[in-house]
1. If A338 satisfies all but one of (1) within 20 Å of Q233 (Cα to Cα); (2) of a type outside the set (S, T, Y); (3) in a helix (DSSP H, G or I), what's the number of the condition it fails?
2. Give me the pairs, please: first residue somewhere in the range 276-287 and under 19 Å from N76 (Cα atoms), second residue anywhere and in a helix (DSSP H, G or I), beta-carbon distance under 7 Å, and either six or more positions apart or on two chains.
3. Given the residues F199, F185, F222, which is the only one that is farther than 23 Å from D80 by Cβ, in contact with a helix residue (DSSP H, G or I) (Cβ under 7 Å, 6 or more places away or on another chain), modelled with pLDDT of 95 or more and surrounded by fewer than 20 Cβ atoms within 10 Å (Cβ to Cβ)?
4. Can you say whether E6 is farther than 18 Å from L226 by Cα and modelled with pLDDT under 95, as far as the supplied structure shows?
5. Give me the pairs, please: first residue somewhere in the range 241-270 and assigned by TED's automatic domain parsing to the domain that holds R87, second residue anywhere and of a type in the set (D, E) and modelled with pLDDT of 95 or more, beta-carbon distance under 6 Å, and either six or more positions apart or on two chains.
6. Looking at (1) of a type outside the set (K, R); (2) crowded, with 22+ Cβ neighbours inside 10 Å; (3) in a strand (DSSP E or B), which one does L70 not meet, given that it meets all the others?
7. Among the listed residues Y339, Y322, which satisfies the condition of being surrounded by 19 or more Cβ atoms within 10 Å (Cβ to Cβ) and either modelled with pLDDT of 95 or more or out of contact with any Gly (no Cβ under 8 Å at 6 or more places or on another chain) (or both)?
Amino acid sequence: MQEVQEKNIPLIEYLESIGFKAHTNHGKVFYKNFHSVENEVKCLYTGVGLRYISGHAVIELRGADTIDFLHRITTNSLKDLNKEEIRTALFTTEKGRIIDRTTLLNFGDYQLLVVSPENKKKVVSWIDKYTINDDVKIIDDAEKYTLLELIGPQAESFLSMICGNVINEIEPNKFKVISAEDMLFFTARIVDEFGNKKFWLIADIHNGQRLVQFMIENKGVFDFSLVGEDAYQIYRVEKGIPAAPFEINDKYNPHEVGLMKLVNQTKGCYIGQEVIARLETYDKVQRILRGVTLSGSPAEGEEYQLIDEKDLDAGNITSIVYSHKLKKYIGLALVRRAYAEIGTVLTARSTNTSLQVIVENIPLINT
């Protein structure tokens, strides 16, 4: 438990005191579940779910050239990013493959870059590699931040109960400092590239613990639940949201995983720009992100390749979960274009098992 405690002592100790123990994986601190996984998923669809996402890597950046520098090396346009605005961008390699999907929050005097914990070292190395004469400094002090996420149709009303009507003043992909119940924190309203809505709450470690405790003790009439990683992964796959390290990694490009909305095609050069543009211009995109439904239970921990009736490669499954809503195992897959038509039947083969799968559109559940 020592490694976990060092990450965020007040909140983790509080959650442990009420019966919830944190886990670590490759340095990422997370909670597998808090209550019934099925009920946690239900809250994300019908109520309000609170996720502890401080396990995501938060990189603090300082320096007069930070925004201009990130504008030059990432896929999105950032040069017009004003104070209290948020923008998501991809870091890509020279070959147009994805290093990570990142979210930049502009605090004016400094910026916070939220990255996938699995890819933090790669992102930091990438920034170091291309920072030559730029005034950009990486402050790797992410442990001082608590990052929370609220998802669900009741999220805005729930936050209004805590913060008041100031929540209604926050525009999409912007944030404001909030003072409520003797707590100080930032609240961000986020609409992602797929149209999914959520709120981020950013606080220091002490206000973060007090904020979570207040929400748990004052949920009132709301259908509120803490949500662990197991439930969120089910929700994510049902909604067709790609994530690191499953779909977002250096095997795939933005075309393949459906992230071209994060690529500004008029801004000019960025790392990987020529390859990404050429893939579209010459119709060379080889794979498409699709949903799949499985005919049976997959073997735990095994990787599944997709093949056709002639044993030819048809792609691979990147995420598998059991959907309580659909009463079956489902997944996300990078399917070769020749097999990407909805309804195509393929075989998913691992080292020890084979299952029939059907190619589906995403999201797998429309709500």
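The values are calculated or read from the model by the stated rules, or taken from the named source; none is laboratory data. All figures in this text were calculated on a predicted structure; none of them were measured in a lab. Glycine gets a Cβ as well: all are built from the backbone with ideal geometry, and neighbour counts include every protein chain shown.
1. (1)
2. none
3. F222
4. On the way: farther than 18 Å from L226 by Cα: yes; modelled with pLDDT under 95: yes.
So E6 fits the description; yes.
5. The qualifying pairs are V257/E247; K261/E193; L262/E193.
6. (3)
7. Y339
Quick grid of which residues meet (1) basic (K, R); (2) crowded, with 17+ Cβ neighbours inside 10 Å; (3) not assigned by TED's automatic domain parsing to the domain that holds G296:
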site	(1), (2), (3)
E309	no, no, no
L312	no, no, no
L332	no, yes, no
T347	no, yes, no
N366	no, no, yes
